[in-house]
Each structure stands twice: as C-alpha cells, then as structure tokens.
Amino acid sequence: MVPTSPRRPGVASNPLEWLTRSSGTWLPPLLGTGGFLLLWQILSSAGVIALPAPSSLFTEERTRTLILYPFYDRGGLDKGLFWQTMASLSRVAQGYTLAALVGIAVGITIGLKPTINRAFDPLFQFLRMVAPLAWVPIALVLFQKNQPAAIFVIFITAIWPILINTAEGVRQIPQDYRNVALVLQMSSRRFFTKVLIPSALPYIFTGLRISIGLAWLAIIAAEIVMPGTLGIGFFIWDAYQQNYVGEIVLGVIWIGAIGLVLDRLMAWLQTRISPGQ
C-alpha cells in the first residue's frame with residue numbers, strides 16, 4: 001500500500017473545495033457584476049435607456065464577430081480588437097516607460113534637493129492640472145505626426161503621479177537611516193541601492209500604479225482626436241461616426257477590461273519586487 005502524504009492545512013484537495021473556501025474572494029465581485037448586467041438588461045429591454053442590452057453584444061452580428069474573431073485583419077484600419085488593442089498598448093508602453101524613467105529620476109532629485117523642489121514645484125503643479133485632451137493639439141503642432149504626438153500625450157499625462165510620489169517617498173526616508181548612512185560613510189551608490197530605493201519603493205509603485213491607468217485613458221483620448229490612427233480609441237470613434245452603438249458599448253467594456261488587467265498586473269509586479277509592502 002502506497003502511503004499518502006498528509007494534506008497541508010489550508011490546501012484544498014479538489015477544485016470544488018477550493019471554490020468553496022475562496023468563495024469570499026470571487027463571489028462578491030461575481031454577484032456585483034452580475035447584478036449590474038441584469039439591471040442594465042432590464043432597463044434596456046424596457047426602453048428606459050437607449051443603450052443596447054448586454055445580450056445584444058452576442059445577438060448582433062457585428063459585435064459577435066468582433067468578440068469571436070479578434071485576430072481578423074482585412075488591411076488598413078479594418079482590424080480585429082486584438083490588433084486595435086496592441087496598437088494602443090504599444091503607444092502606452094513607449095510613453096509610460098519614458099514617463100517612469102524621467103519621473104523617477106526627477107522625483108529622486110527634487111526629493112533630495114529641497115531647493116530644486118521649491119524652484120520647480122509650482123511649474124509641476126501647473127502642468128499636471130492640464131487635461132490630456134488639451135495636450136493633443138499642442139503635441140500635433142510640436143511633432144506633426146500622430147504617433148509621436150500620441151506618445152507625448154501619454155508621457156505628459158503619466159509622469160506627474162510618478163514624479164510626485166517618488167519625491168514624497170524620498171522625503172519620507174527616516175532620518176535614522178540617513179544618520180546610519182553617514183556613520184557608516186556609505187558611498188552615494190550604496191546609499192541609493194540600500195537605503196533610498198528600498199525606502200521609497202512603496203511610494204514609487206503607488207505612482208506607477210496610478211499612472212498606468214492615466215496612460216491608458218490618455219491614449220484613448222488621443223486616438224479619438226487623431227483620425228486615421230489604428231487603436232481602440234479610433235475604433236470607438238469610427239463606430240460612433242457610423243452609428244454602430246453596439247460597437248461603442250463593446251469598445252467601452254473592452255477598454256475597462258484592459259485597464260483592469262493593467263492595474264492588476266502592476267499590483268502583482270509590486271508584490272514580486274517589494275513583497276514586504
């Protein structure tokens with residue numbers, strides 16, 4: 001007879017047991033989302049609201065095709081949701097990466113140098129109040145092309161939470177840590193890697209997580225205003241121009257889903273890099 005190893009406490013022996021034990025995690029969101037969709041279905045079917053019902057996403061041929069065949073490519077701008085999303089995410093990745101690099105670097109600088117912070121804080125506070133859409137015409141004048149203009153709009157929208165949170169994280173480093181670094185005569189490089197970054201990392205990730213959502217919102221706005229640009233924003237605007245309301249609803253749901261995935265991905269990344277936080 002082959003001996004069986006004892007089951008570890010808290011580990012489910014089968015999927016059904018796992019679902020039962022973790023019901024407190026997945027059941028409330030499922031009920032909340034299901035209730036919202038049911039209310040939407042009822043109000044739409046009763047004619048209270050003009051939006052198509054959620055079920056129409058599967059009953060209408062155009063939206064059903066978009067859901068079932070996200071990889072189709074008929075050339076030009078007539079592409080499936082996968083290619084539209086990848087085009088938008090490509091711009092977001094470029095603008096967001098640039099914003100992260102510049103925002104963290106400048107944030108550390110002004111966090112360590114109060115004089116520089118006092119000099120530039122009014123300018124930073126002024127610029128961060130400008131809405132993403134307001135940057136679109138300026139970006140088009142500066143770059144004359146949609147692609148770099150869209151990346152600039154993402155950059156200028158996403159940089160401020162990263163910069164401000166990084167600077168605050170640096171300012172919040174305990175004075176005891178700074179004193180120990182002086183006593184041990186730490187080099188600037190060692191202070192940076194052993195004290196500054198670990199201490200400021202939770203603040204940095206807070207800025208990064210806020211900014212990823214802003215970057216995604218900014219690219220949607222930029223693509224709507226910039227005609228002829230492949231992306232999910234253009235997809236929604238084109239659907240509006242042709243009065244395909246079902247496609248607009250599908251696009252909005254798709255944007256929300258991608259934004260949620262990006263936020264959860266950043267949260268997961270934080271747990272991997274800074275598990276103690």
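The values are calculated or read from the model by the stated rules, or taken from the named source; none is laboratory data. What you are looking at is a predicted structure, and each value in this text was computed from that prediction instead of being measured. Quick reminder, even Gly has a Cβ in these numbers, built from the backbone with ideal geometry, and neighbours come from all protein chains shown. Note: accessible area is taken over every heavy atom of the protein model, side chains too, but ligands, DNA and RNA are not part of it. Shrake-Rupley method; radii C 1.70, N 1.55, O 1.52, S 1.80 Å.
The sole residue among 159, 164, 197 that is free of Cβ contacts under 8 Å to residues at least 12 places away in the same chain and within 17 Å of residue 100 (Cα to Cα) is 197. Of all positions in segment 150-162, none carries a residue that is open to solvent by 50 Å² or more (accessible area, probe 1.4 Å) and either assigned to a helix (DSSP H, G or I) or of a type in the set (Ser, Thr, Tyr) (or both).
When every residue of segment 172-179 is checked against the conditions, none turns out to be hydrophobic (A, V, I, L, M, F, W, C) and in a helix (DSSP H, G or I). The number of residues in segment 218-244 being touching a residue at least 24 places away in the same chain (Cβ under 8 Å) and crowded, with 17+ Cβ neighbours inside 10 Å comes to 17.
Among the residues of segment 192-217, those that are surrounded by fewer than 20 Cβ atoms within 10 Å (Cβ to Cβ) and either at pLDDT below 80 or more than 30 Å from residue 147 (Cα to Cα) (or both) comprise 192, 193, 194, 195, 197, 198, 199, 201, 202. Of the residues making up segment 71-103, those that are under 18 Å from residue 153 (Cα atoms) and in contact (Cβ under 8 Å) with a residue 24 or more places away in the chain number 14. The residues of segment 1-55 that are modelled with pLDDT under 70, open to solvent by less than 70 Å² (accessible area, probe 1.4 Å) and not in a loop (DSSP other than H, G, I, E, B), listed by number, are 23, 24. Selection within segment 107-146: residues that are within 30 Å of residue 228 (Cβ to Cβ) and of a type in the set (Phe, Trp, Tyr). The member of this set that is surrounded by the fewest Cβ atoms within 10 Å (Cβ to Cβ) is 143.
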